[in-house]
Amino acid sequence: MTVLAVEGLRKSFGGVLAVDGVSFAVEPGEMLALIGPNGAGKTTCFNMVGGQLRPDAGSVRLAGRDIGGVSPRRICRLGVGRTFQVTATFASMTARENVQVAAVAHRRGTWRPWRSAADLERPAAEALLDQVGLAAQAERAAGVLAYGDLKRLELAMALAAEPRLLLMDEPTAGMAAGERVALMRLVRGIATGRGLAVLFTEHDMDVVFGVSDRIAVLARGALIASGAPEAIRADPQVRAIYLGDGRTGGERPASGGRDC
């Protein structure tokens with residue numbers, strides 16, 4: 001079954017049409033990159049899928065269930081995980097404790113006076129840290145971790161909710177070039193192994209073309225192209241937007257990654 005199906009999504013802010021009839025789908029185990037120049041409508045579209053914004057028209061369906069306009073908290077409960085451009089962790093807690101908190105919250109666990117809170121979901125947290133390559137950092141405070149490790153920690157926390165769909169908003173922002181590719185290859189392996197659908201926005205074209213199964217391209221709120229990386233790379237309209245040759249009023253990728 002299709003994990004995420006977006007149909008005819010529209011959103012306006014005053015007289016500005018930010019998203020204009022956008023449709024796409026993400027299948028189990030698939031990674032779909034949502035890209036476009038600044039102001040293309042990526043963030044608005046992404047936030048409608050995640051519940052931060054209510055669509056003016058169209059539908060967002062998670063495994064056939066309409067989640068358009070549902071609160072982010074409820075969407076998370078239905079099986080959607082999310083990471084953000086700016087990492088959201090508890091700096092004073094260890095990496096393991098951060099993942100434990102995420103796992104307990106997902107299972108709605110509560111502390112009981114005859115049971116140590118330090119034991120709650122500990123095996124699951126340790127397994128997730130091992131999966132993202134942070135087993136050796138488990139007892140270090142999140143506040144002292146390197147930025148790349150924080151991104152991996154946030155990924156482990158998102159996976160603790162056992163999502164069927166993972167939303168990643170600029171997951172490699174602020175990372176060194178080598179770390180970007182490594183992180184997204186890790187996500188690629190997890191998506192394949194778990195049958196996890198991944199929708200992500202990204203400015204680094206090396207990352208986009210290196211890990212995506214399909215790419216959806218937005219410009220001025222509309223979907224202008226969708227397909228396999230090879231087809232998108234060869235699309236004249238997409239090339240014009242990213243190369244900024246004046247034909248469509250586009251611009252270069254913000255990250256300095258490889259041009260389409």
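Is there a residue being of a type in the set (A, V, I, L, M, F, W, C) and under 30 Å from S12 (Cα atoms) anywhere in the range 173-185?
yes
Is one or more of the residues making up the range 117-139 loosely packed, with under 15 Cβ neighbours inside 10 Å, farther than 24 Å from A176 by Cβ and charged (D, E, K, R)?
yes
In the range 28-78, how many residues are more than 16 Å from L218 (Cβ to Cβ), touching a residue at least 60 places away in the same chain (Cβ under 8 Å) and touching a Gly at 6+ places or on another chain (Cβ under 9 Å)?
The qualifying residues number 5.
This table checks each residue for (1) basic (K, R); (2) surrounded by fewer than 17 Cβ atoms within 10 Å (Cβ to Cβ); (3) under 26 Å from M157 (Cα atoms); (4) out of contact with any Pro (no Cβ under 6 Å at 6 or more places or on another chain).
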position: R188; (1), (2), (3), (4): yes, no, yes, yes
position: T192; (1), (2), (3), (4): no, yes, yes, yes
position: H203; (1), (2), (3), (4): no, no, yes, no
position: A216; (1), (2), (3), (4): no, no, no, yes
position: R220; (1), (2), (3), (4): yes, no, no, yes
position: A228; (1), (2), (3), (4): no, yes, no, yes
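None of the figures in this text is laboratory data; all of them are computed from the coordinates on show. Computed from a prediction, not measured in an experiment: that's the story for all the values here. Here the Cβ is made from the backbone with ideal geometry for all residues, glycine too, and neighbour counts use every protein chain on show.
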